[in-house]
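Only one structure is covered here, and it is reproduced in the block below.
Every read-out reported here was derived from the displayed coordinates using simple, explicitly stated rules and does not represent laboratory data. Because the structure is predicted, anything quoted here is derived from the model rather than measured. As a convention, Cβ positions derive from the backbone with ideal geometry for all residues, glycine included, and neighbour counts pool all protein chains shown.
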Amino acid sequence: MNYTIKLYYRLSFKQIKELCYEERLSDFLDKARETDYGFLFKEDETTDIFMDRRMYRYLYFKLKSLGKNISMNIINAVAYILLLEFEVRDIISIIEIIRYQVPEDQGKKYLIKKLSKGAI
């Protein structure tokens, strides 16, 4: 509880407290799925690698929308730098997909941006 950011944007103090003090992981996941961030905790793909991708994808699309809606602000510079970082992560993932000969359909699951068919 001491290490959480106290912004209370989408989670109330009560919700954060309940999540922090859950004793079992299954109870934590059930409560987390009921929040606005429930899309991050899919039951079918709960591996850590897909959790990272879902978080990055959420940030990617949030930054894209912020960059379009806000003009001439510091968020534009920050968004640009973070979007470049996401591009670099995707390039590294594509190199690893090719190197380890991962099938294209499966390899796309590791990318932050969506690519069209035949792009890898």
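Across the chain, how many lysine pairs, 8 or more positions apart or on different chains, have C-alpha atoms separated by under 16 Å? Please give the number.
12
Rounded to the nearest 500, what is the chain's calculated 222 nm mean residue ellipticity when only DSSP H runs of at least 4 contribute -39500 (n - 2.57) each, over all residues?
Values: 5 runs with 69 residues, N = 120.
Calculated from helices alone, the mean residue ellipticity at 222 nm is -18500 deg cm²/dmol.
Taking θ as phi - 60°, what are the ³J(HN,Hα) couplings along the stretch 99-112 by the Karplus curve (6.51, -1.76, 1.60), each to the nearest whole Hz, with x for Gly and Pro?
4, 8, 6, 6, x, 4, 4, 6, x, 5, 5, 8, 9, 7
In sequence order, what are the phi-derived ³J(HN,Hα) couplings for the stretch 28-33 according to the Karplus relation 6.51 cos²θ - 1.76 cosθ + 1.60 with θ = phi - 60°, rounded to whole Hz, with x for glycine and proline?
4, 5, 4, 6, 5, 5
Report Rg (one decimal) and Dmax (nearest whole number) for the stretch 31-96, counting Cα atoms only, units Å.
Rg and Dmax of the stretch 31-96, Cα atoms, are 14.2, 41 Å.
Going by how many other beta carbons lie within 10 Å of each one, how would you line up 86, 61, fewest first? Let's see the in-between values first.
Working: 86 18, 61 12.
Least to most surrounded, the residues fall as 61, 86.
Residue by residue through the stretch 17-23, what is 3J(HN,Hα) from phi via Karplus (6.51 cos²θ - 1.76 cosθ + 1.60, θ = phi - 60°)? Round to whole Hz and write x for glycine and proline.
5, 4, 5, 5, 9, 5, 8
May I ask you to list the GluC sites (Glu not before Pro) in the stretch 1-32 that are in a DSSP loop and have at most 15 other Cβ atoms within 10 Å of their Cβ?
On the way: sites: 18, 22, 23; in loops: 22, 23.
Of the GluC sites (Glu not before Pro), the ones in loops of the stretch 1-32 whose Cβ has at most 15 other Cβ atoms within 10 Å are 22, 23.
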